[in-house]
Structure formats: structure tokens, C-alpha cells
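Can you read through this structure? Questions will come right after.
The values are calculated or read from the model by the stated rules, or taken from the named source; none is laboratory data. From a predicted model like this one, the values you see are computed outputs, not experimental measurements. Quick reminder, even Gly has a Cβ in these numbers, built from the backbone with ideal geometry, and neighbours come from all protein chains shown.
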Amino acid sequence: MEKLLIKSELVTLSRLSVPIIVTQLAQMGIGVVDTMMAGHVSAVDLAGVALGGNLYWPVMFFLSGIVMSVTPSVSQLNGAGQSQHVGAIVRQVLWIVLFGGFLALLLLQNIEPVYYWLGVDPAAIPVAVAYLDAVSWGLIPILGYFALRYVCDGMSWTRPAMVIALCALALKVPVNYLFIYGGWGIKPMGGAGCGMASTIVMSTEFTVMALVVSFGRIKNLEILSHFSWPDWQEIWRLFSLGLPIGISIFLEMAVFSAVSLMIGRLGVTSVAAHQIAMNVGGLTFMVPLAIGMAATIRVGFNVGARNYAMARISGWVALGASLTVALFAMVLVYTFRGDIARLYTTDTEVIRIASTLIVFVCIYQVFDNTQVTVSGALRGYKDTRAPMYIGLIAYWLICFPLGVILGFGLEIAGFSVQAQGVSGFWWALVVGLLIAAVALSGRFLWISRDADKIQLLAAR
């Protein structure tokens, strides 16, 4: 009987996760397109786009994590047969999008001093600042898109986001080319043009998703057909649920960005090589991230239906699928690491360093896949605070200090650690992900067996 349940769950999980995987890969593909196209302008443009993204993406993913409170809320309502309450919840989330997006816009528009304070290569700073000035205008639209997408996901309807993401990726290439190299009366902007193109694409994504929600399969939820003034009590409830998710995502994203900014002290070549390896890691990360999102939907649905045994099975099946993907990715990426690096640049030194760093992407696959999938399963239970604390410890109290020590070296009271450069930072990332994977797995093992705790979390 249990084997039949596992098989059935794997089929359901696959049906949900495959469109999410395609969606996430397409969204990540937009960043890959930026890196490739900027890299073929110059190493400075590539480094500038990388440094700009190192501040933009953590902010954007932090806010998208808060908005992600929609998914477990909607999936549990769906499982409980109470989807009529979904529209009112989403309209309050859109107020969070508006307020949060505006504050983030102001922050990113005035971020230039941070680069000088960090001491990154000054040659790349103008490109990074121009990129942020342009891409920050797309924050509110893309967050609005995420809010509406998460509603569809929570209702187990994952295909619209896939179609929109694929169309966005197809649109990104010609729009990127237009703003990077100029044409039709537009002056060439180099790497900064990637930011302007992204804003246009993100605004298009939001517009299309709004039409899908209004006229598609879930139009009966009447999400955008009514107006709701801010309900501060409901906004606070959603914010309290989503904030730990946002912080958890931010802590992980930010440590990667902080490492990148530290590597910025090592010069443009190291930054460019590091960015290529990060892009490769980001691409492989999209698959387990999507499986984790599907786990949130399935666990949340089963919790809403009060089928706690099935919720536990959903989590374990998702983890098994994610680890299978990890092993496949390790072999594939390691085998073609040199060819992959050459797709991004023709600079032989950048290719050499990037090929070495891509090996680290292979090493941490199992740990990274585990932590992101289990995090998704825990979100299905609305268990968001403990993963936040685990992320804080693993990434910022252990990983980042260790990276600085291994990267730049340390000599104190007769004890010394030889500087390993960019490789030292990557070894630290492996350690941080390992610790997070073990701790989160232990948390899921405990929560999934405690019916009283599950009911308490579901009431949030």
C-alpha cells in the first residue's frame, strides 16, 4: 500500500514540478543571457553586471520570499476546500508588494557608496550602478508577477508560469541586444542595458500573468476583479508568515553575494570566473528549487486536508527526487565544465579559473538540493522560523567567516592559514550548505511526526 502511495505521489509531484522546473530554468536563463551577452562585450561589463546582480538579487528574492507566504496559505485553503478566501488574501499580499517594492527601489537607486566601501574593483562600479538604476524599476512588476504566480502554484496550476517564463526568455534576448548594442534610436548601453531589458521583460510578465488570473482557470477566485483597502491585521499575519521565508532566502542569497563582493577585491578576472561558476550553480539549483516549491504545494494541500501521513510522504518523495537530480547534475557538469565555461567568455584566464570553480558546484550538489527541497517541504507546514535561524547560523556565523579566513588567509598569535583565494570562499560555501542540509533534514524529521505541532503551525 505504501509503495502505491509513493508511486502516486511521485506522479503528482512530477506533474506539478516539471512546469515549475521549466519556469525556474527560464527565469534563471534570463540571468544567464545577461552574463553571456555582457561577457562578450568585455570582462568589465561582465563584472559590472555581476556586481549589480549581487545586490539586486538578494533584495528581490528577500521580497519574493515574503510574498511566498501566498503558496502555503493558498495550498492549505485549497486542501481544506476553502478556496473562496484566496482572493482577499492575495489582494493584501499585493499591498505588501507595493510598499516593499517601493522601499527596495529607493535603496537600489542609492547604493553606489556600498561598492566603494567594500573596495571592489572601481572599473566595474559605473556599470554596476547603471545596471541597478535600470533594473530596480522592474521590482514592483516582478513581485506582482510572483504574487499572482504563487496563487496559481498554490491552486496546483503551474503551467501558466511556465509558458510566461519561456516567452519572457525568448523576449529577453532581442531586447537585451537592442539595449546593449543600440539600435532604432537607442544608444548602446553595454552591460547596463541588461538592466533596462530586464525591467521591460518583468513588466510584460506581470501584465500577462494578471490577464491569466483574471480570465483563466482560476477566474472564479475574483482576485483582481475587486479592490480591497489594506487590512493591516491580515497584512501583518501574511508578513509574519512570509518574513522568515524572505530572510531565509536572503541569508542564503546574500552570503553568495557577499562572497562575490569579497572576491571583487581579487580583481575583474576572478569576479568574472566566479560569476560564471555562480551562473552554472544557479542553473543546477533551479531544479531542486522547483521540486521544493512543488513540495510546498503538496505538503500544504495534505496538511489542509488533515492527511498528515501523506504530507510526510510528500516531503520524502520530493527529497528523493531532488537527490536523484543532484547525482545526475554532478556527473553532467563535471564532465563538460570546460565547455560550459567557454560558452560565457573567450578570455582564456577566466575560462581556466571558472573551470576549476565549477568543480565546487559539483561537490555541493547533494547538500544544496537537500536543503532547498526540505525547506520547501517545511514551508508547506508553515514552518518558517526555524529554517530562518538555521540559515543564519549555517551561512553567516559559519560559512562567511570561514570564507574570509580561507580566502584571504589568517595569521594570529602564531596560528596561520594560507590564503587560498577564490577557491577558499567556495570551500566555505560547501561547508555552509552541508550544515544547513543536515539541520533542516532533522527539523523535517521531527515536525512531520508531530501532529500537534503541525496543527499549531497550520493555524498561523
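What is the one condition in (1) at pLDDT 90 or above; (2) farther than 24 Å from residue 75 by Cβ; (3) within 20 Å of the chain's Cα centre (by Cα) that residue 371 does not satisfy?
(2)
Right, next: Which condition from (1) of a type in the set (A, V, I, L, M, F, W, C); (2) more than 30 Å from residue 81 (Cβ to Cβ); (3) surrounded by fewer than 20 Cβ atoms within 10 Å (Cβ to Cβ) is the one that residue 163 breaks?
Here residue 163 meets the rest and fails (2).
Consider residue 336 against the criteria (1) of a type in the set (Phe, Trp, Tyr); (2) closer than 29 Å to residue 53 by Cα; (3) buried (at least 23 other Cβ atoms within 10 Å of the Cβ): it satisfies all of them except one. Which criterion is unmet?
Answer for residue 336: the failing condition is (3).
Conditions tested, residue by residue: (1) touching a residue at least 60 places away in the same chain (Cβ under 8 Å); (2) more than 21 Å from residue 147 (Cα to Cα); (3) touching a Cys at 6+ places or on another chain (Cβ under 8 Å).
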position: 289; (1), (2), (3): yes, no, no
position: 296; (1), (2), (3): yes, no, no
position: 312; (1), (2), (3): yes, yes, no
position: 335; (1), (2), (3): no, yes, no
position: 340; (1), (2), (3): yes, yes, no
position: 367; (1), (2), (3): yes, yes, no
position: 389; (1), (2), (3): no, yes, no
position: 397; (1), (2), (3): no, yes, no
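Determine which member of the set 205, 252 is within 21 Å of the chain's Cα centre (by Cα), more than 30 Å from residue 402 (Cβ to Cβ) and not β-branched (Val, Ile, Thr).
Working: 252 fails: more than 30 Å from residue 402 (Cβ to Cβ).
Exactly one residue qualifies, and that residue is 205.
Given (1) over 15 Å from residue 9 (Cα atoms); (2) of a type outside the set (Ser, Thr, Tyr); (3) buried (at least 19 other Cβ atoms within 10 Å of the Cβ); (4) modelled with pLDDT of 90 or more, identify the lone condition not met by residue 341.
(4)
Just to confirm my filter: which helices (runs of 4 or more DSSP H) fall fully inside the range 43-151 and include at least 1 residues that are closer than 30 Å to residue 310 by Cβ and of a type in the set (Gly, Ala, Ser)? Don't jump to the end; show me each part of the working.
On the way: elements: 43-67, 70-79, 86-108, 112-118, 125-135.
Fully inside the range 43-151 and qualifying: 43-67, 70-79, 86-108.
Ok, one more. How many residues are β-branched (Val, Ile, Thr), without any contact (Cβ under 8 Å) to a residue 60 or more places away in the chain and touching a Phe, Trp or Tyr at 6+ places or on another chain (Cβ under 6 Å) when one looks only at the range 185-218?
Residues in the range 185-218 being β-branched (Val, Ile, Thr), without any contact (Cβ under 8 Å) to a residue 60 or more places away in the chain and touching a Phe, Trp or Tyr at 6+ places or on another chain (Cβ under 6 Å): 0 in total.
Output the number of the condition that residue 96 fails; it satisfies all remaining conditions of (1) farther than 19 Å from residue 53 by Cα; (2) in contact with an Asp or Glu (Cβ under 6 Å, 6 or more places away or on another chain).
Unmet for residue 96, out of (1) farther than 19 Å from residue 53 by Cα; (2) in contact with an Asp or Glu (Cβ under 6 Å, 6 or more places away or on another chain): (2).
If you scan the range 402-441, which residues turn out to be exposed (fewer than 13 other Cβ atoms within 10 Å of the Cβ) and either closer than 25 Å to residue 354 by Cβ or modelled with pLDDT of 90 or more (or both)?
Passing the criteria: only 418.
Okay, next question. Could you tell me whether residue 179 is within 22 Å of residue 32 (Cα to Cα) and either small (Gly, Ala, Ser) or assigned to a helix (DSSP H, G or I) (or both)?
Working: within 22 Å of residue 32 (Cα to Cα): yes; either small (Gly, Ala, Ser) or assigned to a helix (DSSP H, G or I) (or both): yes.
It is true that residue 179 is within 22 Å of residue 32 (Cα to Cα) and either small (Gly, Ala, Ser) or assigned to a helix (DSSP H, G or I) (or both).
Moving to a separate point now. Can you pull out every residue in the range 203-217 that is in a helix (DSSP H, G or I) and either touching a Cys at 6+ places or on another chain (Cβ under 9 Å) or surrounded by 24 or more Cβ atoms within 10 Å (Cβ to Cβ) (or both)? Working first, answer last.
To start, the set of residues in the range 203-217 that are in a helix (DSSP H, G or I) comprises 203-215.
Of everything in the range 203-217, those that are in a helix (DSSP H, G or I) and either touching a Cys at 6+ places or on another chain (Cβ under 9 Å) or surrounded by 24 or more Cβ atoms within 10 Å (Cβ to Cβ) (or both) turn out to be 204, 205, 208, 209, 212, 213.
Still on this structure, please answer the following. Output the residues belonging to the range 166-193 that are surrounded by 22 or more Cβ atoms within 10 Å (Cβ to Cβ) and of a type in the set (Phe, Trp, Tyr).
179, the sole residue that qualifies.
Specify the residue that is surrounded by the fewest Cβ atoms within 10 Å (Cβ to Cβ); the eligible residues are those in the range 218-271 that are of a type in the set (S, T, N, Q) and more than 13 Å from residue 90 (Cβ to Cβ). Talk me through it step by step, then tell me what you get.
Pass one, the range 218-271, residues of a type in the set (S, T, N, Q): 220, 225, 228, 233, 240, 248, 257, 260, 269-270.
Narrowing the set further to residues that are more than 13 Å from residue 90 (Cβ to Cβ) leaves 220, 233, 240, 248, 257, 260, 269-270.
Working: 220: 10, 233: 8, 240: 14, 248: 29, 257: 21, 260: 23, 269: 18, 270: 23.
The residue in question is 233.
Is at least one residue of the range 340-348 under 19 Å from the mean Cα position of the chain (by Cα) and in a helix (DSSP H, G or I)?
no
Would you be able to say whether some residue in the range 77-94 is hydroxyl-bearing (Ser, Thr, Tyr) and at pLDDT 75 or above? I'd like the intermediate steps shown before the answer.
Just the residues of the range 77-94 that are hydroxyl-bearing (Ser, Thr, Tyr), to begin with: 83.
With the extra rule that they be at pLDDT 75 or above, the set shrinks to none.
So far as the range 77-94 goes, no, none of its residues is hydroxyl-bearing (Ser, Thr, Tyr) and at pLDDT 75 or above.
Shifting gears a bit: If I filter the range 69-85 down to residues being hydrophobic (A, V, I, L, M, F, W, C) and over 20 Å from the mean Cα position of the chain (by Cα), which single residue comes out as surrounded by the most Cβ atoms within 10 Å (Cβ to Cβ)?
To start, the set of residues in the range 69-85 that are hydrophobic (A, V, I, L, M, F, W, C) comprises 70, 74, 77, 80.
Remaining after also requiring over 20 Å from the mean Cα position of the chain (by Cα): 74, 77, 80.
Values: 74: 29, 77: 20, 80: 15.
Selected residue: 74.
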